[in-house]
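One structure below.
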Amino acid sequence: MRYLITGATGFIGRHLARHLVERGHHVTALVRRDGRVFGSLTVRGDLVTGEGLAAAVRGVDRVIHLAGVTKAADPRLYALVNTVGTERLLAAVAARPEPPRLVYCSSLAAAGPGRRRHEDDPPAPVSAYGRSKLGGELALREGADRAPAVVVRPPIVYGPGDREFLPRLATAVRAGLLPAVGRPGPRHYSLLHVDDLCRALLTAADSGAPGATYHVSDGVEHLWDDIGATAAEVLGRRPPRVVHIPLRLALTVARTLGGASALNPGKVAEAAHPAWTSAVGRLPFGPCVPLAEGLRTALAP
């Protein structure tokens with residue numbers, strides 16, 4: 001099978017390319033600049049301008065769309081890349097005589113916060129990032145008669161090579177303080193190891209229903225305290241104490257740091273909600289990596 005991956009040089013993309021190559025598939029990685037991806041041919045293309053996309057999708061059987069902006073100094077960049085970029089990729093796919101199946105890696109942020117969110121729940125994103133990912137989903141839904149597309153919404157994704165969630169978690173655990181934005185109370189999160197996400201994406205590519213949206217997670221509602229305690233055990237530290245940061249203070253700091261920082265107003269808006277969990281979804285991909293094992297492989301000295 002011939003796959004095209006957008007965002008192949010990123011955290012998830014590198015793992016996915018390795019999964020595919022090890023299964024004997026042919027992988028082409030769409031890149032904006034020169035770069036190397038494990039066992040893959042690279043082609044240049046730009047989702048924003050559409051340059052190179054028609055050539056990139058030629059001759060492929062599957063397209064897995066991972067590329068996106070997660071933080072930006074200019075909020076308009078979210079929509080430009082995550083929504084418009086998806087529209088341009090869809091147009092390139094749809095222009096083929098036999099359009100390849102397109103799998104869009106969206107985000108639980110597109111669904112919005114809450115406990116046990118179902119795929120059919122009305123979406124209610126609370127950040128520019130979430131709204132832009134939902135915009136990409138809507139573009140695919142509107143173009144359903146032009147190309148077979150499947151949407152996958154992962155929660156927090158972690159694993160070796162993660163430069164976002166795990167470094168911040170490890171820093172907090174070593175400091176002994178686990179920050180939580182907003183009012184005191186329990187925080188619930190869905191998580192998914194990157195290898196399990198790769199399995200989910202490949203399952204969606206092979207057997208996902210065109211036009212469907214799938215929530216994926218490890219099937220557990222994790223308490224923030226428990227995540228910290230599990231990471232502390234892996235790192236040989238004492239369980240950190242949860243410290244609640246007032247929303248107003250967090251927003252002030254985020255505005256000072258700017259939108260391109262890890263702590264930006266959109267992330268604060270998301271973090272202020274006490275629950276980001278998804279119900280067990282309809283995609284039968286079978287998550288295999290429990291949290292303790294996943295953290296050990298990624299954090300252990």
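Return the residues of the stretch 51-68 that are hydrophobic (A, V, I, L, M, F, W, C) and either modelled with pLDDT under 95 or under 14 Å from residue 140 (Cβ atoms) (or both); say none if nothing qualifies.
63, 64
If residue 285 meets every condition in (1) outside any loop (DSSP other than H, G, I, E, B); (2) buried (at least 18 other Cβ atoms within 10 Å of the Cβ) apart from one, which number is that one?
With respect to (1) outside any loop (DSSP other than H, G, I, E, B); (2) buried (at least 18 other Cβ atoms within 10 Å of the Cβ), residue 285 is out only on (1).
Return yes when residue 29 is surrounded by fewer than 24 Cβ atoms within 10 Å (Cβ to Cβ), free of Cβ contacts under 8 Å to residues at least 60 places away in the same chain and in the same structural domain as residue 134 (by TED's automatic domain parsing) and no when it is not. Outline the logic, then answer.
On the way: surrounded by fewer than 24 Cβ atoms within 10 Å (Cβ to Cβ): no; free of Cβ contacts under 8 Å to residues at least 60 places away in the same chain: yes; in the same structural domain as residue 134 (by TED's automatic domain parsing): yes.
No.
Results for (1) of a type in the set (Lys, Arg); (2) under 18 Å from the mean Cα position of the chain (by Cα), shown as yes or no for each residue.
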residue	(1), (2)
143	no, no
148	no, no
153	yes, yes
158	no, yes
166	no, yes
192	no, yes
200	no, yes
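Output the residue which, of all residues in the stretch 106-125 that are under 16 Å from the mean Cα position of the chain (by Cα) and under 16 Å from residue 82 (Cβ atoms), is surrounded by the fewest Cβ atoms within 10 Å (Cβ to Cβ).
Top of the filtered list is 112.
Outside the structural domain of residue 104 (by TED's automatic domain parsing) and not β-branched (Val, Ile, Thr): is that true of residue 148 in this structure? Steps first, answer last, please.
Details: outside the structural domain of residue 104 (by TED's automatic domain parsing): no; not β-branched (Val, Ile, Thr): yes.
Against the criterion (outside the structural domain of residue 104 (by TED's automatic domain parsing) and not β-branched (Val, Ile, Thr)), residue 148 does not qualify.
Could you run through the stretch 208-226 and say how many residues are within 30 Å of residue 3 (Cα to Cα) and either in contact (Cβ under 8 Å) with a residue 60 or more places away in the chain or assigned by TED's automatic domain parsing to the domain that holds residue 170 (or both)?
First, pick out the residues of the stretch 208-226 that are within 30 Å of residue 3 (Cα to Cα): 208-219.
Still in the running and either in contact (Cβ under 8 Å) with a residue 60 or more places away in the chain or assigned by TED's automatic domain parsing to the domain that holds residue 170 (or both): 208, 210-219.
Qualifying residue count for the region: 11.
For residue 161, all conditions in the list (1) surrounded by 16 or more Cβ atoms within 10 Å (Cβ to Cβ); (2) touching a helix residue (DSSP H, G or I) at 6+ places or on another chain (Cβ under 8 Å); (3) outside any strand (DSSP E or B) hold save one; what is the number of the exception?
(1)
List, please: which pairs have Cβ atoms under 7 Å, are six or more places apart or on different chains, and start with a residue in the stretch 42-60 that is in the same structural domain as residue 30 (by TED's automatic domain parsing) and end with one that is hydroxyl-bearing (Ser, Thr, Tyr)?
As it stands, the answer is 43/28; 47/6; 56/28; 60/3; 60/28, since those pairs meet every condition given.
For residues in the stretch 244-264 being touching a residue at least 24 places away in the same chain (Cβ under 8 Å) and within 19 Å of the chain's Cα centre (by Cα), which is farthest from residue 181 (Cα to Cα)?
It comes out as 260.
Here's the yes/no breakdown for (1) hydroxyl-bearing (Ser, Thr, Tyr); (2) modelled with pLDDT of 95 or more; (3) within 24 Å of residue 287 (Cα to Cα):
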residue	(1), (2), (3)
189	yes, yes, yes
205	no, yes, yes
220	no, yes, yes
229	no, yes, yes
234	no, yes, yes
239	no, yes, no
249	no, no, no
253	no, no, no
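Just need a number here: residues in the stretch 61-105 that are touching a residue at least 60 places away in the same chain (Cβ under 8 Å) and either of a type in the set (S, T, N, Q) or outside the structural domain of residue 142 (by TED's automatic domain parsing) (or both).
Result for the stretch 61-105: 1.
Condition first: of a type in the set (Ser, Thr, Tyr) and out of contact with any Asp or Glu (no Cβ under 9 Å at 6 or more places or on another chain). Now tell me which residues in the stretch 90-143 satisfy that.
Taking the stretch 90-143 and keeping what is of a type in the set (Ser, Thr, Tyr), we get 104, 106-107, 127, 129, 132.
Passing the criteria: 107, 132.
The values are calculated or read from the model by the stated rules, or taken from the named source; none is laboratory data. Keep in mind that what you see is a predicted model, and the values were worked out from it rather than measured. When we count neighbours, we look across all protein chains shown, and the Cβ atoms used for this are built from the backbone with ideal geometry, even at glycine.
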